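> Take a look at the following structure, please.
Laboratory data are not the source of any read-out in this text; all were calculated from the coordinates shown. All figures in this text were calculated on a predicted structure; none of them were measured in a lab. Counting neighbours? That spans all protein chains shown, and the Cβs are built from the backbone with ideal geometry, glycine included.
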């Protein structure tokens, strides 16, 4: 096996920085690849795919290292890492980014020029993976998902060919790339997005009910469900119902409103009984910086996501919260979170892109966070057991919040779009070399 046949920056188990290069953002993921290739240009990706096929070595595609389940890495395989491919080209109507660009870099370029963008909240998430899985963010109700702004992608296929997918060529692949998740059809090395009209200012919203107990949390959650009916699409929120070592049992609403502080306060006045009711009018760039800065440099966690299509009763909400009444051993924080959907997301038909669950009201996220590695196994088991219960209250799973699935993972992620996705898979990767634990099967 000749590592010298690989191009780019090649890291093997003998390299002094090998252990550092193995790290995922989720430190609960511990994998040790055979070799990691940091690609500098498209030819490095092409060479890596050819090398993997020559030696029969499985491979994964990595950018931001944020895959919840660690499917962008693995043991004894090749990692094709595109994080060094991070150029950004901005003009008045579009922005083109390479596959290694991350949220913070994109916001700095785009929002710094006065444009809003429906990107993600965590600064080091790769823009490519975010977009390919749909891409939820605080601007999504106004501008759509991240994938809804995508107008073109450059993809290196299983044959080592660079192709361009858009509305006029390789339309089927372009359709599939908007919501099917990363790693299924090829290595995406660049993405071009349409830019919204310029908006300079927005209001950042932080509403927190700390140490209030779950009875109060249920009351707030019922209000939150009602509040989203016919909600102004300039506003989006997520609601985290939590059990925290530091803040007790409570609920936090975080959001962004493309309007004035006074308008936002008026819209959200039904939550003014919160312990914290903070609104800050600032540039869109600064708002995104503050959202991103609220994330740690890394975590140990287990998490997954489902889709909510109906309102829950008080009894149902309390039953769900009973699942987190006691945190897992070693856990510092656990939460059930409702991420707002609707607005521009629902303007697009379910079969117009691969992102199927556009009619959902919310994404449900579930997580447990810990710091000591010795608690990994017990927290993993704790989360999976409760996730399977939460699945009975929901319909469909969110590919960007992946987790081991109850039942058929393909059907859970893709709904009635699955067969069309399989047809695209058979066309562009008939041998299934782009393969991982939850890949689309040919």
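> Quick check: the angle from helix 284-293's long axis to the longest principal axis of the chain, C-alpha only, nearest 10 degrees?
80 degrees
> Once both labels are modelled 7 Å past Cα along the beta-carbon direction, what's the residue 18-residue 91 spacing in nm?
So the two model labels end up 4.6 nm from each other.
> A further question follows. Give me the percent of Cα-Cα pairs in the stretch 3-81 that sit more than 14 Å apart, rounded to a whole number.
Percentage above 14 Å: 57.
> Same structure, new question: Between [x] 129; [y] 160; [z] 179, which entry matches volume of the Cα convex hull per residue in Å³ as derived from the coordinates of this structure?
[x]
> Angle, helix 42-55 long axis vs. longest principal axis of the chain, Cα atoms, 0 to 90°, nearest 10?
Approximately 70 degrees, to the nearest ten.
> Need the C-alpha centroid separation for the stretch 168-206 versus the stretch 39-57, integer Å.
Result: 25 Å between the Cα centres.
> So what is log10(I(q)/I(0)) for the stretch 330-442 at q = 0.10, 0.17, 0.19 1/Å, when the Debye sum runs over its Cα atoms only?
-0.38, -0.94, -1.07
> With a 10 Å radius around each residue's Cβ, average the other Cβ atoms per peptide and rank 152-161, 394-403, highest first.
Listed from highest to lowest mean packing, they are 394-403, 152-161.
> Okay, next question. What is the angle, in °, between the Cα long axis of helix 418-428 and the longest principal axis of the Cα atoms in the chain? Nearest 10 is fine, range 0 to 90.
20 degrees
> Let me ask another. So if I restrict to the alpha-carbon atoms in the stretch 201-393, what is the Rg, and what is Dmax, the biggest pairwise distance, in Å?
Every Cα atom of the stretch 201-393 included, Rg and Dmax give 16.9, 48 Å.
> Could you give the distance between the Cα centres of the stretch 124-147 and the stretch 61-91, to the whole Å?
Computed from Cα coordinates, the inter-centre distance equals 17 Å.
> If contacts are Cα pairs under 8 angstrom and at least 6 residues apart, what is the relative contact order of the chain in percent?
16 percent.
> Moving on to the next point. Give the shape of the stretch 378-442 as rounded, prolate or oblate, defined through the alpha-carbon gyration tensor: a ≥ b ≥ c are the square roots of its eigenvalues, a/c under 1.5 means rounded, and otherwise the shape is prolate if a/b is larger than b/c and oblate if not.
oblate
> What does the C-alpha gyration tensor say about the overall shape of the stretch 124-275? Classify as rounded when a/c is under 1.5, otherwise prolate if a/b is larger than b/c, or oblate. Don't skip to the answer; put the middle values down first.
Values: a/c = 3.20, a/b = 2.06, b/c = 1.55.
Prolate shape, in that a/c is at least 1.5 and a/b is the bigger ratio.
> On a full-extension model of 0.36 nm per residue, what is the gain between residue 392 and residue 404, subtracting their alpha-carbon distance, rounded to one decimal in nm?
2.8 nm
> Answer rounded, prolate or oblate for the stretch 300-345, using the Cα gyration tensor with square roots of eigenvalues a ≥ b ≥ c: rounded when a/c is under 1.5, else prolate when a/b is larger than b/c, else oblate.
Taking the square roots of the gyration eigenvalues as a ≥ b ≥ c, the stretch 300-345 is oblate.
> How big is the gap, in Å, between the Cα center of the stretch 222-288 and the Cα center of the stretch 152-166?
41 Å
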